[in-house]
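Read-outs throughout are calculated quantities, based only on the coordinates presented, and are distinct from any laboratory measurement. Note that this is a predicted model, so its numbers are computed, not measured. All Cβ positions, glycine included, derive from the backbone under ideal geometry; neighbour counts span all protein chains shown.
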Amino acid sequence: MIVAIDGPAASGKGTLARRLAAHFGYAFLDTGLLYRATALHLLEAGGTPADAAAAERAAQRVGGAELLDPRLRSEEIGRLASAVAVIPAVRTALLEFQRRFAATPPGAVLDGRDIGTVVCPEAEAKIYITASLEERARRRAKELRDRGVEAIYERVLQDMQERDRRDSERRTAPLRPADDAFVLDTTALDAEAAFVIARDYVVKRRDAR
Ligand code: CDP
């Protein structure tokens, strides 16, 4: 059973995906980490996203202990991740790892931007989770402050808008709901309410198999 969760930055994908995985006893993969790890490898190799071959080499190295590196969570790495994510060779290099993970029995939950459209178009359950830009910026600013990072709301909002635009407008695997995705707008929902709705949807899809 594959559960694909896609959506823009700070839409609540990670929280929801993790809870669904725990609830159903499925494996969980935050695919954003793979792009973040690519960015980190690239940075450490002294490369830039303008060098597609260096970015591809960085992506080929992904899949080890670096996925647990706390530096992956910084906004700088997030920005760089979205820049390497436009490179088709980077996306191809990360595809195999994601597909293998998705096949974990008895099920896997993957969250990202293109899980329901490109990585696992065959997923039995697809949720596209979203929220207004302002609400997402508010959540991300709070998340940063909770981690002790200084965050200016306007700056976070601007960064997020820029990243959304790049993710949605890129030619390879742009951010968009799959035709058969269940769209869940969490602007006015808390994490618990979103979880209950998503859980009921996944149960229905699982039982319909
Ligand atoms: O948590 P947040 O939404 O801020 O970021 P993330 O999920 O860690 O993803 C970081 C960046 O990686 C995104 O802005 C995307 O450009 C890219 N990404 C992607 O292209 N495809 C995925 N399946 C996951 C992430």
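Expected output is a single nm value to one decimal: the length gained when fully extending between residue 190 and residue 23, i.e. 0.36 nm times separation in residues minus the C-alpha distance. What is it? Please report the intermediate quantities before stating the final value.
Details: separation 167, 0.36 × 167 = 60.12 nm, distance 1.76 nm.
Roughly 58.4 nm would be gained on extension.
What residues have an amide H closer than 5 Å to that of residue 125, excluding those fewer than 5 places away on the same chain, when H is modeled at 1.01 Å from N in the peptide plane?
Those lying under 5 Å, H to H, from residue 125 are 2, 4.
How compact and how long is the range 31-103, expressed as Rg and Dmax of its alpha-carbon atoms in Å?
11.0, 35
What's the magnitude of the charge dipole for the chain around its Cα centre, counting Lys and Arg as +1 and Asp and Glu as -1 at the beta-carbon? Answer in Debye, nearest 20. Could you put the intermediate results ahead of the total?
Values: 33 positive and 32 negative charges, 49 e Å.
Dipole magnitude for the chain comes out near 240 debye.
Rounded to whole Hz and in sequence order, give me ³J(HN,Hα) for the range 175-187 from the Karplus expression 6.51 cos²θ - 1.76 cosθ + 1.60, θ = phi - 60°, writing x for Gly and Pro.
Karplus values, whole Hz, x for Gly and Pro: 5, 6, x, 5, 4, 9, 8, 8, 8, 10, 8, 9, 3.
Would you mind computing, in nm to one decimal, how far apart the modelled labels at residue 180 and residue 200 are, each placed 7 Å from Cα along Cα→Cβ?
Reported label-point gap for residue 180 and residue 200 is 2.3 nm.
Straight-line reach from residue 142: which aspartates and glutamates have a Cα under 12 Å away, not including same-chain ones fewer than 8 places off?
Those aspartates and glutamates meeting the cut-off are 150.
Where a ≥ b ≥ c are the square roots of the eigenvalues of the C-alpha gyration tensor, would you call the range 97-190 rounded, which needs a/c under 1.5, or, failing that, prolate if a/b is larger than b/c, or oblate?
prolate
Where the only charges are on Cβ atoms (+1 Lys, Arg; -1 Asp, Glu), what is the dipole of the range 31-103 about its Cα centre, to the nearest 20 debye?
220 debye
Mean Kyte-Doolittle hydropathy of -0.5 or higher plus an axial Cα length of 15 Å or more: which whole DSSP H helices in the chain meet both?
Correct list, ordered by number: 13-24, 32-44, 88-102, 191-207.
Taking Rh as the Kirkwood radius computed over C-alpha pairs, what is the Stokes-Einstein D of the range 1-48 at 20 °C in a medium of viscosity 1.002 mPa s, expressed in µm² per second?
For the chosen part, D equals 173 µm²/s.
Past the 24 angstrom mark, what percentage of all C-alpha to C-alpha distances in the chain do you count? Display every interim value, and only then the final one.
Details: 8489 of 21736 pairs.
Roughly 39 percent, once rounded to a whole number.
Take the alpha carbon gyration tensor of the range 110-160, find the square roots of its eigenvalues, order them as a ≥ b ≥ c, and report rounded if a/c is under 1.5; if not, report prolate when a/b exceeds b/c, else oblate.
Judged from the Cα gyration tensor, the range 110-160 comes out prolate (a/c at least 1.5, a/b above b/c).
Would you mind calculating the gained length between residue 142 and residue 207 on full extension (0.36 nm times residue separation, minus the Cα-Cα distance), in nm to one decimal?
This chain segment gains 19.7 nm when fully extended.
At 7 Å along the Cα-to-beta-carbon direction for both residue 99 and residue 162, put a label point, then send me their distance in nm to one decimal.
Label at residue 99, label at residue 162, 3.5 nm between them.
Using θ = phi - 60° and the Karplus form 6.51 cos²θ - 1.76 cosθ + 1.60, what ³J(HN,Hα) does each residue of the range 117-126 get, whole Hz, x for Gly and Pro?
9, 10, 5, 9, x, 8, 3, 6, 10, 10
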